[in-house]
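Following: one structure in structure tokens, then a few remarks.
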Amino acid sequence: MSIDSALIVKREKLPSSAELAAAIAETGVVVTFPEGFDLGRTPKDWVTVSVDGETTGFGYAVDAVADLEEPLPAKARRYGDTLLSFGAKSGLSAETVSLIQRVMGARWGAAAWIEEELITPKDLASEFTPPEDMDPDLAATMTGTPAERAAATQRYIEKFYPPVPRDRKAEAVNQIRPLVIPILVLLLLGGLYLWSRFQ
């Protein structure tokens, strides 16, 4: 699993998945975790969840801070003895992870460890309010439900990086290219056959 972000939390504070879902519901978003999902154990597979009726998920792993190959700095270790690592695959997946982490910071004092940077529980839990002079398309990526944020992010990306138009000529050439040698071989064999018939 590629680790996009992680939480540092005290193991004894870990909520059940039902408690976490209830805390998330207070934000107005309904997240349904799979049956048997335990925040204190690394699952065998990708964690598939439902977010306001849409299916998404995330990679998840649990490690003891003391067992990490690369130790966390002391300032990070003071927030807990357990590292919860998350991996996301799509916009909705990433926004779902972000919401889970914000709630964990607010309710259970989790700190975040993202790209070697420590984010305290207070900062993690705080909701960012875009300034009034910010590009409205960019501001939309920072507010709303996970699905709304993911859709806004996709629109923002497409605004500056539009899809590359298809080159139909190149596609046709790529389809024909593998057939050139077999066609030449058949023409050669046909020519040899005709030549041998008229000798």
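Just a yes or no: is a residue in the stretch 171-178 surrounded by fewer than 15 Cβ atoms within 10 Å (Cβ to Cβ) and either under 30 Å from ALA76 (Cα atoms) or hydroxyl-bearing (Ser, Thr, Tyr) (or both)?
no
Quick check on my filter: what residues within the stretch 1-43 are in contact (Cβ under 8 Å) with a residue 24 or more places away in the chain and polar (S, T, N, Q)?
SER2, SER5, THR27
Report yes if some residue within the stretch 75-83 is touching a residue at least 60 places away in the same chain (Cβ under 8 Å), open to solvent by 50 Å² or more (accessible area, probe 1.4 Å) and of a type outside the set (Phe, Trp, Tyr); otherwise report no.
yes
Listed here are the residues, each with its yes/no results for (1) in contact with a helix residue (DSSP H, G or I) (Cβ under 9 Å, 6 or more places away or on another chain); (2) at pLDDT 90 or above; (3) closer than 13 Å to PHE86 by Cα.
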position: GLY36; (1), (2), (3): yes, yes, no
position: LEU39; (1), (2), (3): yes, yes, yes
position: THR42; (1), (2), (3): no, yes, yes
position: VAL47; (1), (2), (3): no, yes, yes
position: THR56; (1), (2), (3): yes, yes, no
position: ALA61; (1), (2), (3): no, yes, yes
position: GLU69; (1), (2), (3): no, no, no
position: LEU72; (1), (2), (3): yes, no, no
position: LYS75; (1), (2), (3): no, no, no
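Scan LYS75, LYS159, LYS89, LYS122 and give me the residue that is part of a loop (DSSP other than H, G, I, E, B) and basic (Lys, Arg).
Residue meeting the stated conditions: LYS89.
Only one of (1) open to solvent by less than 80 Å² (accessible area, probe 1.4 Å); (2) out of contact with any strand residue (DSSP E or B) (no Cβ under 7 Å at 6 or more places or on another chain); (3) within 21 Å of THR143 (Cβ to Cβ) fails for ALA22. Which number is that?
For ALA22, the failing item is (3).
Limited to the stretch 1-48, what total is found for residues that are assigned to a loop (DSSP other than H, G, I, E, B) and either within 16 Å of the chain's Cα centre (by Cα) or on the phi < 0 side of the Ramachandran plot (or both)?
Qualifying residue count for the region: 25.
Quickly run through the stretch 126-156 and pick out the residues that are part of a helix (DSSP H, G or I) and hydroxyl-bearing (Ser, Thr, Tyr).
Selection gives THR141, THR153, TYR156.
Which of the residues belonging to the stretch 138-164 are open to solvent by less than 40 Å² (accessible area, probe 1.4 Å) and either touching a residue at least 40 places away in the same chain (Cβ under 8 Å) or at positive phi (or both)? I'd like the intermediate steps shown before the answer.
If we filter the stretch 138-164 for residues that are open to solvent by less than 40 Å² (accessible area, probe 1.4 Å), which is where we start, we get 139-141, 145-147, 149-150, 152.
Listed by number, the residues that qualify are THR145, PRO146, ALA147, ARG149, ALA150.
The values are calculated or read from the model by the stated rules, or taken from the named source; none is laboratory data. Note that the structure is a prediction, hence the values are computed from the model and not measured. Because the Cβ atoms are built from the backbone with ideal geometry, glycine has one as well, and the counts that use them run over all protein chains shown. Just the protein is used for accessible areas: all its heavy atoms, side chains included, with ligands, DNA and RNA removed. Shrake-Rupley method; radii C 1.70, N 1.55, O 1.52, S 1.80 Å.
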